[in-house]
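The values are calculated or read from the model by the stated rules, or taken from the named source; none is laboratory data. Not measured: the values here are computed from a predicted model. So basically every Cβ, Gly included, is an ideal-geometry build from the backbone, and we count neighbours across all protein chains shown. What goes into the accessible areas is simple: the full protein's heavy atoms, side chains included, and nothing from ligands, DNA or RNA. Shrake-Rupley method; radii C 1.70, N 1.55, O 1.52, S 1.80 Å.
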Amino acid sequence: MNVLILTGAGISAESGIPTFRDANGLWEGHAVEEVATPQGFARNPDLVHEFYNQRRRALLNPEIQPNAAHVALADFEREHLENGRGDFFLVTQNIDNLHQRAGSQNVLAMHGQLLQVRCLYSEEIFDWTGDLSVDTPHPEDPDNDSMRGCLRPNVVWFGEMPIGLTQIEKAATKADLFIAIGTSGVVYPAAGIVAQTPPHCRRIEVNLDDTPASSAFDETIRGAASVEIPKLLNHFSAM
Ligand code: BJW
């Protein structure tokens, strides 16, 4: 059985990371065009840097830990692969590193990673845990003043190409089981992955609420990911 998982902000909500579109979500106080587009960054880099600096600092708070849903996915993957039960691929839209910290191996962060920055000129990616500003020097050329401010968060904004689309499409077209967890189903191309799965694939959505994508799924489970995912994967690990 080839398993494809798609996760969104809802899976990390119970770890203390706010979602985007719920009340008190991450964009509260910020228009999406201001903080999650290349145009917004060009217009006001200070604002965008501060938005991501705050989120980076929050992610590094020791209180933010993977929850039972992240752990269940990592445990399921290990057992699935060890027993030769088929492929396992986890695509996350989240830029936090909670899947990786929980022990997931085959993870693709299609919208980038908060603890990475990218050089605007060379596209080189660096691990990053500090703040970023328009004065931050290039890590490999710190005395070159003309390179100050050349780093941006290594995340995918609206209008930019998400990471690994070919790999995602390949995994979708051979999936026997597709589970979408805690995503509002409004941001493409992630929301279109379900439509790339073959007719025989079993498609399950796990979310607190209905989403615009719910009708594309064979089953919908309404509930919190940390409760529903361990139960659901326990069921499939016996298969
Ligand atoms: C729980 C829970 C609990 C809560 N348990 N559940 C086709 C049609 C229409 C538009 C487009 C289209 N194709 C492309 C577009 C344009 C655009 C788009 O989709 N726009 C729509 C908004 C209309 N897409 C793009 O621009 C993408 N790029 C692209 O398509 O490029 C093509 C291209 C072609 C040629 C040249 C160049 C490009 C890029 C999209 C990038 C999205 N980036 C962001 C920011 C990333 C960095 C950051 O984190 O700051 O990604 S936006 C934001 O939304 C973030 C998220 O990953 C993403 C999805 O959000 P998510 O994860 O679903 O979170 P929420 O908050 O929306 O939902 C949470 C859900 O959890 C809710 O449903 C809750 O109920 C639930 N929940 N607690 C279970 N405990």
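If the viscosity is 0.890 mPa s and the temperature 25 °C, what Stokes-Einstein diffusion coefficient in µm²/s follows for the chain when Rh is the Kirkwood radius over Cα pairs?
The diffusion coefficient I find is 131 µm²/s.
Summing -39500 (n - 2.57) over the DSSP H runs of n ≥ 4 in the chain and dividing by its residue number, what mean residue ellipticity at 222 nm do you reach, to the nearest 500 deg cm²/dmol? Walk me through the intermediate numbers first.
Values: 8 runs with 72 residues, N = 239.
Per the formula, -8500 deg cm²/dmol.
Indicate, rounded to the nearest 5 percent, the antiparallel portion of the DSSP beta bridges found entirely in the stretch 97-239. If you can, show how the numbers build up before the last one.
Details: 9 of 18 bridges.
Antiparallel bridges make up about 50 percent of those DSSP assigns within the stretch 97-239.
With an 8 Å Cα cut-off and a minimum separation of 6 or more residues, compute the relative contact order for the chain in percent.
24 percent
Rounded, prolate or oblate: which fits the stretch 1-40 when a ≥ b ≥ c are the square roots of the eigenvalues of the alpha-carbon gyration tensor, with rounded for a/c under 1.5 and prolate only if a/b beats b/c?
Note, shape of the stretch 1-40 comes out oblate.
Taking amide H positions as placed 1.01 Å from N in the peptide plane, with prolines and chain starts having none, which residues 5 or more places from residue 221, or on another chain, fall under 5 Å of its amide H?
Amide H neighbours of residue 221, under 5 Å, 5+ apart: 205, 206, 207.
Share of antiparallel DSSP beta bridges in the chain, in percent to the nearest 5?
Details: 9 of 31 bridges.
Just about 30 percent of them are antiparallel.
Under 1.5 on a/c is rounded, so check that first for the stretch 60-158, then, if it is not, pick prolate when a/b is larger than b/c and oblate when it is not; a ≥ b ≥ c are the square roots of the alpha carbon gyration tensor eigenvalues. Intermediate results must be reported in sequence, preceding the final value.
Working: a/c = 3.18, a/b = 2.33, b/c = 1.36.
Prolate, because a/c is 1.5 or more and a/b exceeds b/c.
Return a whole-number percent for the relative contact order of the stretch 64-111, with Cα pairs under 8 Å and 6 or more residues apart as the contact set.
Normalised by residue count, the contact order of the stretch 64-111 is 44 percent.
By Kyte-Doolittle mean hydropathy of at least 1.6 and Cα axial length of at least 27 Å, which whole DSSP H helices of the chain are selected?
In the chain, no H run is both long and hydrophobic enough.
Collect residues whose amide H, placed 1.01 Å from N in the peptide plane, falls under 5 Å from the amide H of residue 108; neighbours closer than 5 in sequence don't count.
The list, which skips near neighbours in sequence, is 90, 91, 92.
Ignoring ligands, DNA and RNA, what percent of the 1.4 Å accessible area of the stretch 25-141 is carbon and sulfur?
Whole-percent figure for carbon plus sulfur exposure: 48.
Grab the eigenvalues of the alpha-carbon gyration tensor for the stretch 89-219, scale each by 5, take roots, and send me the semi-axes largest first in whole angstrom.
35, 14, 13
Can you give the Rg to Rh ratio for the stretch 3-131, taking only C-alpha atoms and Rh from Kirkwood?
Values: Rg = 16.1 Å, Rh = 16.0 Å.
That ratio is 1.00, to two decimals.
Considering only DSSP states other than H, G, I, E and B, which chymotrypsin sites (Phe, Trp or Tyr not before Pro) in the stretch 39-148 qualify as loop sites with at most 16 other Cβ atoms within 10 Å?
Counting only loop positions with at most 16 other Cβ atoms within 10 Å, the chymotrypsin sites (Phe, Trp or Tyr not before Pro) in the stretch 39-148 are 121.
When only DSSP loop residues count, what GluC sites (Glu not before Pro) in the stretch 1-78 have their Cβ near at most 12 other Cβ atoms within 10 Å?
28, 63
Can you pull out the GluC sites (Glu not before Pro) in the stretch 149-238 whose DSSP state is coil and whose Cβ has at most 13 other Cβ atoms within 10 Å?
Passing both the DSSP loop test and the Cβ count: 160.
I'd like to check one number: the per residue accessible area of the chain, probe 1.4 Å, reported in Å² as a whole number.
Roughly 47 Å² per residue, with all protein chains present.
Cα centroids of the stretch 171-239 and the stretch 101-157: how far apart, whole angstrom?
31 Å
What shape does the stretch 155-204 take by its C-alpha gyration tensor, where a ≥ b ≥ c are the square roots of the eigenvalues and a/c under 1.5 counts as rounded, a/b above b/c as prolate, and the rest as oblate?
Taking the square roots of the gyration eigenvalues as a ≥ b ≥ c, the stretch 155-204 is oblate.
Using a Gaussian network model of the chain with C-alpha springs under 10 Å, which one of 146, 214, 133 is most mobile by mean-square fluctuation?
Largest GNM mean-square fluctuation: 146.
Can you send over the carbon and sulfur percentage of the accessible area for the stretch 182-239, probe radius 1.4 Å, protein chains only? Let's see the in-between values first.
Numbers: 1620 of 2880 Å².
That share works out to 56 percent.
Which whole-number percent gives the relative contact order of the stretch 154-202, counting Cα pairs below 8 Å spaced six or more residues apart?
About 44 percent, as a whole number.
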